[in-house]
Amino acid sequence: MSGDDGWRGSVVLVLGSATGGTGGHVASLARGLLASGCRVLVCGPAATDAHYGFSASGVDFAPVEIPADPGPQDSGAIRALRKAVAGRDAEVIHAHGLRAAFVAAIARTGVPLVVTWHNAVLAKGLKGQAGALLERIVARSAALTLGASEDLVQRAVALGAKNARLGPVAAPDLAPPRRSRSAVRAEFRLRGDTPLILSVGRLHPQKHYDLLVDASARWRELTPAPVVAVAGSGPSYMPLAQQASRLHAPFHLLGHRTDVPDLLLGADLAVITSDWEARQLFAQEALHAGVPLITTAVGGLPGLVGDAAVLIPPGDLDALDEAVRRMLADPSLRAEYASRGPRQAATWPTEKDVVDAVRSAYTEVAAVRR
């Protein structure tokens, strides 16, 4: 148990159907709070317990099936959350993501609600309108709103959040690679100095990987022509595979991978083409590993990477093409950005920093309640 005199109360962490950075953040937070002497209950879909090992790490877990999209099934999630909270002496509920926060807000448990906004609503039309309504309800229901990026904080304030500020999210430690660089490159049958360009993320329109496919088709004219690999799964798999086949692009979809440290060791360049991100996990992994990074200047990415990455406008094929060509043509430039990455990563909050900040926030919220 921690020897400090910080908050050690009872907290309920709520998350939806998360398998990426949001779930990883909650897992890190749950472990850190438990180690600090807090009483922790995590409520979320049963699959998240299997994926992140909450129960296995000693954290209490109650299944609350919160699906990705709102609907009639939310009534069951609300009842399940009420039941889970009623069985504990919870002092704070901390919901992560808008869906989990919406269920926690509608449940009206009487326990102060802290919400961390991890993602923006990018949908248009009726789905976008529904998302905006959900945002407004969540913003006005929370005693404290934490945003993973400044634009999320500004959005929450504009929608009526009473108390909103930037919430630190830790850069997870990158495991050491288990294979050699040559072994990784052999997987892709790369010869000599053929560059490997890597991206990692969910295959979703927000990631704009179709732009990377178009660019990879252009790079066939280079000598040697780089190979592009994207690790991840999602709904855009078939459209991207068909696009790459149609363009004869040297573009590989790797599916879900658990060896990202290995892939980074084999990579010469990392690329992010997203339309929006808060604190993108792959950006952090690439800079930690010292892989030169080119990324779109969206959401929280500019503040995250500082001058340690090349920033390009979103949706700009020519800018992406030019940035990659310039980087591949200049070994000294790649070396410079490779050295900047770890220095920038050293400025990010650690997992302990985040736990300490969150405990301080809980003290603030619990004091207001009293």
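The values are calculated or read from the model by the stated rules, or taken from the named source; none is laboratory data. Keep in mind it's a predicted model, so treat the numbers as computed, not measured. Using ideal geometry, Cβ is built from the backbone for each residue, glycine included, and neighbour counts are taken over all protein chains shown.
Suppose the filter is within 21 Å of the chain's Cα centre (by Cα) and not in a loop (DSSP other than H, G, I, E, B); does Leu81 pass it?
On the way: within 21 Å of the chain's Cα centre (by Cα): no; not in a loop (DSSP other than H, G, I, E, B): yes.
Criteria not met by Leu81.
Each row is one residue, and each column tells you yes or no for (1) surrounded by 18 or more Cβ atoms within 10 Å (Cβ to Cβ); (2) in the same structural domain as Thr145 (by TED's automatic domain parsing).
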residue	(1), (2)
Val324	yes, no
Tyr337	yes, no
Gly341	yes, no
Asp356	yes, yes
Ser360	no, yes
Thr363	no, yes
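Would it be correct to say that Ile137 is crowded, with 23+ Cβ neighbours inside 10 Å and more than 22 Å from Gly24 (Cα to Cα)? Show your work before the answer.
Numbers: crowded, with 23+ Cβ neighbours inside 10 Å: no; more than 22 Å from Gly24 (Cα to Cα): yes.
When the stated conditions are applied, Ile137 does not pass them.
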Counting only residues in segment 31-80 that are among the hydrophobic types (A, V, I, L, M, F, W, C) and surrounded by fewer than 15 Cβ atoms within 10 Å (Cβ to Cβ), the one farthest from Ala123 (Cα to Cα) is identified as Ala56
Failed item in (1) touching a strand residue (DSSP E or B) at 6+ places or on another chain (Cβ under 8 Å); (2) more than 17 Å from Ala215 (Cβ to Cβ); (3) modelled with pLDDT of 95 or more, with Leu265 passing the rest: (1)
With the first residue restricted to segment 85-97 and required to be over 19 Å from Thr22 (Cα atoms), and the second required to be among the hydroxyl-bearing types (Ser, Thr, Tyr) and part of a loop (DSSP other than H, G, I, E, B), Cβ contacts under 9 Å at 6 or more apart or on different chains are Val85/Thr109; Ala86/Thr109; Ala90/Thr109
Does segment 246-257 contain at least one residue that is in a loop (DSSP other than H, G, I, E, B), in contact (Cβ under 8 Å) with a residue 60 or more places away in the chain and not hydrophobic (A, V, I, L, M, F, W, C)? no
Name every residue in segment 288-331 that is in contact with a Phe, Trp or Tyr (Cβ under 9 Å, 6 or more places away or on another chain), closer than 16 Å to Leu222 by Cβ and touching a residue at least 60 places away in the same chain (Cβ under 8 Å), in order of residue number. Asp321, Val324, Arg325, Leu328
Every residue in segment 225-262 that is surrounded by fewer than 17 Cβ atoms within 10 Å (Cβ to Cβ), closer than 23 Å to Pro292 by Cβ and modelled with pLDDT under 95, please. Arg257
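Can you name the strands (runs of 3 or more DSSP E) wholly within segment 136-228 that have at least 3 residues being among the aliphatic types (A, V, I, L, M)?
196-200
Please specify each residue of segment 312-370 satisfying the condition of being of a type in the set (A, V, I, L, M, F, W, C) and within 30 Å of Ala225 (Cβ to Cβ).
Ile312, Leu317, Ala319, Leu320, Ala323, Val324, Met327, Leu328, Ala329, Leu333, Ala335, Ala338
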The lone exception for Ala186 - which of (1) surrounded by 17 or more Cβ atoms within 10 Å (Cβ to Cβ); (2) over 24 Å from the mean Cα position of the chain (by Cα) it fails: (1)
If I ask for residues that are at pLDDT 95 or above, within 17 Å of Ala283 (Cβ to Cβ) and among the polar types (S, T, N, Q), which ones from segment 186-216 would you list? Ser199
Every residue from segment 104-117 that is at pLDDT below 95 and either farther than 24 Å from Ser75 by Cβ or polar (S, T, N, Q) (or both): Thr109
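Restricting to segment 18-34, give me the number of residues that are at pLDDT 85 or above and in contact with a strand residue (DSSP E or B) (Cβ under 8 Å, 6 or more places away or on another chain). It would help to see each step written out before you state the result.
Step one: of segment 18-34, the residues at pLDDT 85 or above are 22-34.
From what is left, the residues that are in contact with a strand residue (DSSP E or B) (Cβ under 8 Å, 6 or more places away or on another chain) are 22-23, 25-26, 29-30, 33-34.
Here the count works out to 8.
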